[in-house]
Amino acid sequence: MTNHLLPPAIEDRVARTLDRHWLRLTLLAWAGIAIWYVWQRWAAIHWLSLGDTDDNMRLMQVRALLDGQGWFDLRNYRLNPPGGFDIHWSRLVDLPIAGLIVLLRPFVGVAEAERLACGIAPLLPMAVVLVALGATLRRLVHPLAWPLGIALFLATNVALGMFMPDRIDHHGWQLAMLAVTVAGLCDPQLRRGGALVGTATAISLTIGLEMLPYAAMAGGIIALAWVWERSERERLALYALSLAGGVAAGFAAFTSYANRVYRCDALTPVYASTVVLAGGLLLAVAVASPRKPLIRLLLAVAAGAVVAAFFALAFPQCLGRPEQVSNELYTSWLSQVREAKPIYRHPLRVALPIVTLPLIGLIGALFATWRARRQPTLRGWACVALFGAFAALMLLWQARAGPAAQLLAIPGAAALAWMAVPWLIAPRYWWAKAAAAVALFVIVSGSFTQIIIDQFKVDRPNAYVRRVNKATGRCLTIPAMQPLNRYPAQTVFTFVDLGPRLITLTHHNAIAGPYHRNGDAILDVHHAFMGTPEVARAIMKRHGATMLLVCPDMAESTNYRAKARGGFYDRLAKGEQFDWLVPLPIRKGSPFRAYRVE
């Protein structure tokens, strides 16, 4: 006798509904999820809790656009005034945020419209992710497996965090394009699949180069599939056309004035020309498509060699660090960025929940590839396994690869879960089925690692770390910063990581933010806080700063004290007074200390 979760007639009707209306149901699920997170995070939305410096800068970029700043002018003139602070982004991600503000402000006013836009905008790319995951799982796992993609996505930690209210920077949209890329690689319709991968890659590169390694990997996978099977030429051709055309269009429509020079950190003429050349060569080899696999392989290798040689000979300055920062700035700042460190250099409490799902997903993808070795889904699973392995290896380079690695692991994890469905319906009692389902989900989603860490208090932050985290959090809040507006607008000398938040919440200007193109300003802040009081005063005067603002125990301040004992900030933190600094009252209980610079 066959076991069923529901009576057979009802089960059959549910199955037909889930299969026929999967897209509508996915979007309905997304709407419910979005409403839930807006409600759950309402306090954060109300207090404009843009916890990351990039989120604050994104809002400032949108404000400047709505206030009339030029479409191609992305300088922020409230950092490092009067010349402004250059940024390497594009306007593409500004559009949904600006559109929501324009739509909402006639009804709720500008300030509330900004809050709501920052709360809603990050949830929009989540819809793209859920649809793309659903399409992938329907093609590779089972037509009814798409709800697993939603459930597993909601169980991720760092990946889901990129779509939460107030996380308005570009990462969510780039992850959405990565999900579309995987769906395109697995699409049985060759032309549509190629166009999806090429278009998603072009959009991602227009936003920024963070996903460049994944873009190269996707192109390599499509080329390898064509080498293996000549019928893949249509996918390769449409990929090449949409990639080259999309990048050219993205460059023309969204490249700022600052990105029209030969820089290596954005979609500048460097990468635009390289990608267009690569697209043209791939189109040529796709059209040729010789019958022998060895010749196709030689053509693909030759095309890759031509592209690599062009890049190396035409843009040798981009063969090193793409940020092109000085050695001093790299050593003192860029190499110390937490997300840029390999995953094994992070505490176990942080690293383990990030890597567990990618490892589970890779195991699942490899197993599913082996099972599909004589099935039409072999090619799709091979693509997922290659992509998953690449993403897992990227974690050994930088921990910031975590969101992409978790997202790419979902198909493999879903395959493992689906294989266990017969065991889920085998128990006689419903409560046993439910318990088995919960246990299975906890295992395949990797959630068990977080349970273990919380239960056994693995790598708990010590009192010092908790104090630093608390101080950092307090200083970034509206109640802490709004009292600063009692003073006339002026240029404030403060920490690098505090600058973007300061200009977002107050009418004051700041000197620097954590953006590599303005390394001189960052180094000036470092030299001031770690140098002598005389050097600090001279730097502040050179920048026209009339107020000094510090947040004791903020994470950045601990670096200054640790690296320069006896330096200006260390002496200031110990209570030493200087005749050129006049203490300024803020409010009772303020986490800040402010001074007038004379």
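The values are calculated or read from the model by the stated rules, or taken from the named source; none is laboratory data. Please read these numbers as outputs of a predicted model, since none were measured by experiment. Here Cβ is always computed from backbone atoms with ideal geometry, including for glycine, and neighbour counts include all displayed protein chains. To get the accessible areas, we keep the full protein, side chains included, count just its heavy atoms, and leave off ligands, DNA and RNA. Shrake-Rupley method; radii C 1.70, N 1.55, O 1.52, S 1.80 Å.
Our note on the geometry: Cα centres of the stretch 274-288 and the stretch 372-395, 24 Å apart. By the helix-only formula, in which each DSSP H run with n ≥ 4 contributes -39500 (n - 2.57) and the sum is divided by residues, the chain has a 222 nm mean residue ellipticity of -20000 deg cm²/dmol. Magnitude of the charge dipole for the chain, about its Cα centre and with charges confined to Cβ atoms of Lys, Arg (+1) and Asp, Glu (-1), is about 980 debye.
Grab the Cα-Cα distance for residue 294 and residue 464, subtract it from 0.36 nm times how many residues apart they are, and report the gain in nm with one decimal. Kindly include the intermediate steps, with their values, before the conclusion.
Values: separation 170, 0.36 × 170 = 61.20 nm, distance 6.10 nm.
Going from the current span to full extension adds 55.1 nm.
In this view, the solvent-accessible surface of residue 90, computed with a 1.4 Å probe and all protein chains in place, comes to about 10 Å². Between 0 and 90 degrees, the angle of helix 110-120 with respect to the longest Cα principal axis of the chain falls at about 40 degrees. Taking label positions 7 Å along the Cα-Cβ direction at both residue 389 and residue 538, the computed distance is 5.7 nm, reported to one decimal.
Scalar couplings 3J(HN,Hα) for the stretch 410-418, obtained by applying the Karplus form with A = 6.51, B = -1.76, C = 1.60 to θ = phi - 60°, are 4, x, x, 5, 5, 5, 4, 4, 5 Hz; x denotes Gly and Pro. Rounded if a/c is under 1.5, else prolate if a/b is larger than b/c, else oblate: which is the stretch 307-455, with a ≥ b ≥ c the root eigenvalues of its Cα gyration tensor? Because a/c hits 1.5 or more and a/b fails to exceed b/c, the stretch 307-455 counts as oblate. How high is the FRET efficiency from residue 42 to residue 563, r the C-beta distance, R0 56 Å, rounded to 0.05? Working from the Cβ atoms, E equals 0.90. Which is farthest toward the positive dipole end of the chain among 391, 421, 213, measuring Cα position about the Cα centre, with Cβ charges +1 (Lys, Arg) and -1 (Asp, Glu)? The one lying farthest along the dipole's positive direction is 421.
What the Cα convex hull of the stretch 71-127 gives, in volume per residue, is 110 Å³. For residue 285, the solvent-accessible surface with a 1.4 Å probe is about 10 Å², rounded to the nearest 10.
Taking the accessible area of the stretch 331-374, probe 1.4 Å, and keeping the other protein chains in place, the carbon and sulfur fraction comes to 62%. Nonpolar atom fraction for the stretch 99-141, defined as the carbon and sulfur part of the 1.4 Å probe accessible area, stands at 69 percent.
So what are the ³J(HN,Hα) numbers for the stretch 123-140, from phi and the Karplus equation (6.51, -1.76, 1.60; θ = phi - 60°), rounded to whole Hz, Gly and Pro as x? So the J values, rounded to whole Hz, are 7, 5, x, 4, 4, 5, 4, 5, 5, 5, 4, x, 4, 5, 5, 5, 7, 9. Beta bridges from DSSP with both residues in the chain: antiparallel share about 65 percent, rounded to the nearest 5. Under conditions of 4 °C and 1.567 mPa s, the stretch 165-230 yields 106 µm² s⁻¹ as its translational diffusion coefficient, taking Rh as the Kirkwood radius over Cα pairs in the Stokes-Einstein equation. Stretching the chain fully between residue 489 and residue 111 yields a gain of 134.2 nm (0.36 nm per residue, less the alpha carbon separation).
With a point put 7 Å past each Cα toward its Cβ, work out how far residue 375 is from residue 335 in nm, to one decimal. With each label point 7 Å from Cα toward Cβ, the separation is 4.9 nm. Quick one: grab the alpha carbon gyration tensor of the stretch 282-385, order the square roots of its eigenvalues as a ≥ b ≥ c, and give me rounded if a/c is under 1.5, else prolate or oblate depending on whether a/b is larger than b/c. Oblate, because a/c is 1.5 or more while a/b does not exceed b/c.
Taking all protein chains together and a 1.4 Å probe, the residues 228, 22, 89 rank 228, 22, 89 from largest to smallest accessible area. Stretching residue 348 away from residue 314 to a fully extended chain increases their span by 7.9 nm, per 0.36 nm per residue minus the current alpha-carbon distance.
Accessible surface comparison of 487, 77, 344, probe 1.4 Å, protein chains only, largest first: the order is 344, 77, 487. Just how far, in whole angstrom, is the stretch 290-348 from the stretch 220-240 if you go by their alpha carbon centroids? The two parts, judged by their Cα centres, are 23 Å apart. Which number gives the lysine pairs in the chain that have C-alpha atoms under 26 Å apart and are eight or more places apart or on different chains? Final tally of qualifying lysine pairs is 11.
Between the listed residues 299, 510, 322, the Cα displaced farthest toward the positive end of the dipole of the chain, a dipole computed from Cβ unit charges relative to the Cα centre, is found at 299. Dimensions of the stretch 415-464 along the principal axes, based on C-alpha atoms and rounded to the nearest Å, stand at 52, 23, 9, largest first.
Rounded to the nearest 20 debye, the dipole magnitude of the stretch 510-564 is 100 debye, with +1 charges on Lys and Arg beta carbons, -1 on Asp and Glu beta carbons, and the Cα centre as origin.
Isolated cysteines in the chain, defined as those with no second cysteine Cβ under 4.7 Å, comprise 118, 186, 383.
Annotation: residue 541 carries an accessible surface of approximately 100 Å², with a 1.4 Å probe and no ligand, DNA or RNA atoms counted.
The angle between the Cα long axis of helix 233-254 and the main principal axis of the chain comes to about 20°, on a 0 to 90 degree scale. Between residue 212 and residue 260, the distance separating the two model label sites (each 7 Å from Cα on the Cα→Cβ line) works out to 2.2 nm.
Which of the following values of Cα extents along the principal axes in Å was calculated from the structure shown: (1) 67, 64, 49; (2) 86, 71, 50; (3) 86, 63, 49? Among (1) 67, 64, 49; (2) 86, 71, 50; (3) 86, 63, 49, the one calculated here is (3). Measure off, as a whole percent, the carbon and sulfur share of the 1.4 Å-probe accessible area of the stretch 264-327, all protein chains present. Result for the stretch 264-327: 76 percent of the exposed heavy-atom area is carbon or sulfur. For the chain, the per residue solvent-accessible surface stands at 45 Å², with DNA, RNA and ligands left out and a 1.4 Å probe. The distance from the alpha carbon centre of the stretch 129-206 to that of the stretch 525-598 is 46 Å, rounded to a whole number. The calculated FRET efficiency for residue 35 paired with residue 434, based on their beta-carbon distance and R0 = 25 Å, is about 0.45.
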